[in-house]
Amino acid sequence: MQKVPLTVVGADLLKQELQQLKSVARPAVIEAIAEARSHGDLSENAEYDAAKEKQGFIEGRIAEIEHKLSLAHVIDPKEIHAEGKVVFGATVTLEDLETEEVVTYQIVGEDEADIKERKIFVGSPIARALIGKEEGDVAEVQAPGGVREYEVMTVQYI
């Protein structure tokens with residue numbers, strides 16, 4: 001079994017979602033199914049069908065989260081000692097050598113990735129190009145518009 005890398009924050013978010021699904025969403029959908037059943041004929045009951053479909057989604061998501069947490073390799077970026085190299089959990093400031101735009105990203109697991117929060121998936125093209133680089137190195141990233149070059153300005157473990 002392959003371990004699923006997660007930061008401490010990502011693992012906590014998954015645990016919170018699991019708790020919410022089990023303690024709020026699951027009981028609510030069970031109640032909705034019971035209510036729909038009380039209306040009689042189930043063969044033409046759209047409320048019942050919708051509630052059963054929602055229940056299937058909730059149960060599937062619970063199973064998915066439990067599976068990911070059972071395979072989780074939780075990494076605390078503050079405890080990383082990578083001697084300035086870009087690794088999972090690192091926060092990296094980059095300069096696009098063409099546009100001179102400066103951006104900062106944290107390299108995280110799949111469930112944590114959110115470009116609006118500047119968190120990129122470790123398996124993304126840019127993260128793969130950055131892994132192992134140090135301050136001052138240039139990473140070449142194959143983007144849809146061609147190869148982009150980024151200089152690593154800083155590497156932090158926060």
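Only the coordinates and a few stated rules stand behind these numbers; no lab work does. These numbers come from a predicted model, not from an experiment. Please note: Cβ atoms are built from the backbone with ideal geometry, for glycine as well, and neighbour counts cover all protein chains shown.
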Relative exposure of Met153, Met1, judged by other C-beta atoms within 10 Å (fewest first): Met1, Met153
Local net charge near Ile65, Cβ-Cβ under 15 Å (Lys/Arg +1, Asp/Glu -1): -3
Over 25 Å (Cα to Cα) - which of Lys78/Lys119; Lys52/Lys116; Lys68/Lys119; Lys22/Lys116; Lys15/Lys85 fall in this group: Lys52/Lys116; Lys22/Lys116; Lys15/Lys85
Separation in nanometres of the label points that stand 7 Å from Cα toward Cβ, at Leu13 and Tyr157: 2.2 nm
Among Pro125, Pro27, Pro77, residue whose mean-square fluctuation peaks in a GNM of the chain (springs only between Cα atoms under 10 Å): Pro27
Highest-fluctuation residue, Val86, Val29, Val122 considered, GNM on the chain with Cα pairs under 10 Å: Val29
0 to 90° range, to nearest 10: angle between helix 26-37 axis and the chain longest Cα axis: 30 degrees
Estimated Rh, segment 1-100: Kirkwood, alpha-carbon pairs, angstrom: 17.0 Å
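Can you tell me the relative contact order of the chain? Whole percent, Cα pairs under 8 Å, sequence separation 6 or more. Don't jump to the answer; show the numbers that get you there.
Details: 238 pairs, mean separation 37.3, N = 158.
Answer for the chain is 24 percent.
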C-alpha long axis of helix 8-20 to longest principal axis of the chain, angle in °: 10 degrees
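Given contacts defined as C-alpha pairs under 8 Å and at least six residues apart, what's the relative contact order of segment 25-115, whole-number percent? Please list the in-between numbers first.
On the way: 54 pairs, mean separation 15.6, N = 91.
Relative contact order, segment 25-115: 17 percent.
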Residues Ile158, Ile131, Ile120 arranged by fewest to most Cβ contacts within 10 Å: Ile158, Ile131, Ile120
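Take the alpha-carbon positions of segment 77-156, form their convex hull, and give its projected area averaged over all directions (one quarter of the hull surface) in nm².
On the way: hull surface 20.1 nm².
Taking a quarter of the hull surface, the average projection is 5.0 nm².
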Max mean-square fluctuation residue, GNM over the chain, Cα-Cα springs under 10 Å, options Leu97, Leu18, Leu69: Leu97
